[in-house]
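What follows is a single structure, written as structure tokens, with notes after it.
The values are calculated or read from the model by the stated rules, or taken from the named source; none is laboratory data. Note that the structure is predicted; figures quoted are calculated from it, not measured. Using ideal geometry, Cβ is built from the backbone for each residue, glycine included, and neighbour counts are taken over all protein chains shown.
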Amino acid sequence: MQFFRLLSLLSLASLSAAFTATQRPAFGVFWAQQSSCLSSAVVDDVATSADSTKTQNTAIRNIAVIAHVDHGKTTLVDALIRQSGIFRDEAQQKEAGDRVMDSEDQERERGITILAKNLAVMYKDTKFNILDTPGHADFGGEVERVLNMADGVLLLVDSVDGPKPQTRFVLDKALQKGLRALVVVNKIDRPTARPDYVLDTVFDLFVDLGASDEQTDFRTVYASGLQGKAGFTPDKLEEDMSPLLDAILEDIPPPSVDSEKPNDLQCLVSNIDFDQFKGKLGIARITNGVIRNGQPVALVHPNKDKKTGRISNLFVFDNLGKREVDEAKAGEIIMFAGLPDVEIGDTLVTNEEGGANAAGPLPPIAVEQPTVRMTIGVNKSPLAGREGKFLTSRMIRDRLFKELDRNVALRVEETDSADRYEVSGRGQLHLTVLIETMRREGFELEVGPPTVILKVNEETGKTEEPWESVEVRVPSDYVGSVVDLLNMRKGELQDMGVEEGEGLSVVKYLVPTRGMLGLKSALLTATRGTAIIDSVFDSYRERIPGEIQGRDKGSLLAFADGVATTFGIEGAQDRGKMFIKPQDEIYKGMIIGIHQRPGDLEVNVAKTKALTNMRSANKGIATGIVAPIDMSLDACVEYLAADEILEVTPSTFRMAKNPDAAKKGKAKK
């Protein structure tokens, strides 16, 4: 049944593509208009929709771009930016570099989008507000916020990989909000592209997620973001991205406005930004009404007290930046200043003569609860205070609670200790990005190992834990090792097969989140770095009793305080792999390497060679020092056991045994 339905949809898409191709004007003509068309006239084009109480602002399209990690989303947006004429000349374009939207250092280093971003371009007298979203499920809070401002989504899918676990996650969020999707099969220039297979799996995914008939009747565009080309058939691409933009114009609905409340201002605040001079900035989409610069307004929320103020600056998005305007109408995405108490989830309404108008708060943004937590506190190691600028508990507390202003999926709670805070997020990556950001700002921190957040089912009274859907692609030689590791982590096999495009074996499991902690490094080690691992939160299920085996090797611990010597390391490296090099400062209990056997072992790497006038029998034997393992923040967090902590400074990561855990162990005895 699905096959025949898909066949009919493809036929309709082909007819539509043929019709569109005969009527589409030259691409460059319309991009040339972008510099002069961003005016108040953009929001004056309003048409009546089929619903008599709704009108449509046909001069605007609000589109969110969603995709799995590494499916080419940022590259595709780059192509749109470069072809839009935003850059004046080649020199300016070269200066901007690749991945223009990924402006944060960590985004460029990790190769992922972390923060949602906005840009606006003009096409055929229509303003496109393009909302770039993260593809990683750990940053799902960013996706959920952005979807509140969109009227439709571009769903990017790799022409070889097809839908992946995080494709399912982001698409599910869009379908739940009733958004219409335009499917873009990206990287169609890959030699192993298989568009028919990908389209079949995308349609099946829509059906599995309970999409409506209208949502499953999606249009498909084939594109190569790298080449900056798009088309309606995989083997015939235009020389630019105009087919994609035509499809957006025709298939993504314009924003709807309640015609019965033309003057009742309602804006749901979906994001927060900061400006050195203007202070806190709110980013919102105008659902109803008109907002003006200098207007008195109120912030209302179903569960909070009303806050009043006045708009001091009003902006709309213009190319890669923003432009100040006097007013903006329903359907537009705005940025405003003047309300220092604004929070994500607040609704902006009119507040004439000190009294709020009849419009009430819009439903606040629904964000899934965190599944993983870590403790972050004051660095108490013997080497603390030597590198950082922000060291005290108060400084750490203020920074963590400030993060809550815009990181809606994060939770921060105080603990029994005044020097330590419990921080919860959507995954380990979500938390390590925050820690890395604070480290670069000059903080010194003591970080505990990640643990999962349990909850009690109110109906059954049983304790439940989070589970994740995991997909591992690996050469067939290593399938046995992958299956063994996932079984050891209490995983349940869901599917196994061979991927035609790349010739890799695909293993799909459901694994408890606590079994996922430290799994990535173990899989990469077992497969010699060839495994490609994707995971996404699945659901809460009844907790599996017992402990899940973590790493199978112990740690090498420093025997005493001091400075590591070449002689000491030479003697210790036969016991395992080292994290340190000569002249590194060490302290008792510091983890200096991986023991080659289970259990921890103390070694003296600070000892010096005794000087005598006797010739050594093995003097001529040069042992040498093996290069130490370079541990990143993510690798350190994955390595930590329950009784270990991580010291984070602006230039160093040091792991150690947790002295508090040792004290608790002695107290129990």
Selection within region 218-246 - in a loop (DSSP other than H, G, I, E, B) and under 15 Å from residue 171 (Cβ atoms):
218
With respect to residue 535, is the statement that it is in contact (Cβ under 8 Å) with a residue 60 or more places away in the chain and either in contact with an Asp or Glu (Cβ under 8 Å, 6 or more places away or on another chain) or surrounded by 16 or more Cβ atoms within 10 Å (Cβ to Cβ) (or both) true?
yes
Scan the strands (runs of 3 or more DSSP E) fully inside region 317-419 and keep the ones with 1 or more residues being among the hydroxyl-bearing types (Ser, Thr, Tyr).
347-350, 372-378
Which numbered condition residue 323 fails, given (1) surrounded by fewer than 21 Cβ atoms within 10 Å (Cβ to Cβ); (2) of a type outside the set (A, V, I, L, M, F, W, C); (3) not assigned by TED's automatic domain parsing to the domain that holds residue 271
(3)
Go through (1) more than 14 Å from residue 128 (Cα to Cα); (2) of a type outside the set (A, V, I, L, M); (3) surrounded by 19 or more Cβ atoms within 10 Å (Cβ to Cβ) for residue 210 and report which single condition fails.
(3)
Identify all residues within region 546-566 that are modelled with pLDDT under 85 and either surrounded by fewer than 16 Cβ atoms within 10 Å (Cβ to Cβ) or of a type outside the set (Val, Ile, Thr) (or both); write none if there are none.
546, 547, 549, 550, 551, 552
Exactly one of 294, 309 is over 30 Å from the mean Cα position of the chain (by Cα), surrounded by fewer than 21 Cβ atoms within 10 Å (Cβ to Cβ) and not in a strand (DSSP E or B), and that one is 294
Would you mind finding the one in 235, 240, 200, 204 that is surrounded by 16 or more Cβ atoms within 10 Å (Cβ to Cβ) and charged (D, E, K, R)?
240
What's the number of the condition residue 216 fails, among (1) surrounded by 17 or more Cβ atoms within 10 Å (Cβ to Cβ); (2) of a type in the set (Ser, Thr, Tyr); (3) touching a Gly at 6+ places or on another chain (Cβ under 9 Å)?
(3)
Are any residues in region 274-286 farther than 14 Å from residue 146 by Cα and in a strand (DSSP E or B), and if so, which ones?
274, 275, 279, 280, 281
Can you tell me which of (1) in contact with a helix residue (DSSP H, G or I) (Cβ under 7 Å, 6 or more places away or on another chain); (2) free of Cβ contacts under 8 Å to residues at least 24 places away in the same chain is the one residue 276 doesn't meet?
(1)
For the condition more than 30 Å from residue 270 (Cβ to Cβ) and modelled with pLDDT under 90, what is the one hit in 417, 393?
417
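Would you point out the residue of region 424-444, among those that are hydrophobic (A, V, I, L, M, F, W, C) and in contact with a Phe, Trp or Tyr (Cβ under 9 Å, 6 or more places away or on another chain), that is farthest from residue 495 (Cα to Cα)?
443
One line per residue, one yes/no per condition, for (1) of a type outside the set (Ser, Thr, Tyr); (2) more than 29 Å from residue 364 (Cα to Cα); (3) under 22 Å from the mean Cα position of the chain (by Cα):
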position	(1), (2), (3)
182	yes, no, yes
189	yes, yes, no
199	yes, yes, no
205	yes, no, yes
209	yes, no, yes
221	yes, yes, no
225	yes, yes, yes
230	yes, yes, no
Residues of region 364-408 being hydroxyl-bearing (Ser, Thr, Tyr) and buried (at least 17 other Cβ atoms within 10 Å of the Cβ), in sequence order, are 371, 375, 381
Residue 569 being over 30 Å from residue 489 (Cα atoms) and surrounded by 22 or more Cβ atoms within 10 Å (Cβ to Cβ):
yes
Given the conditions (1) farther than 26 Å from residue 269 by Cβ; (2) out of contact with any strand residue (DSSP E or B) (no Cβ under 9 Å at 6 or more places or on another chain), report the number of the one that residue 402 does not fulfil.
(1)
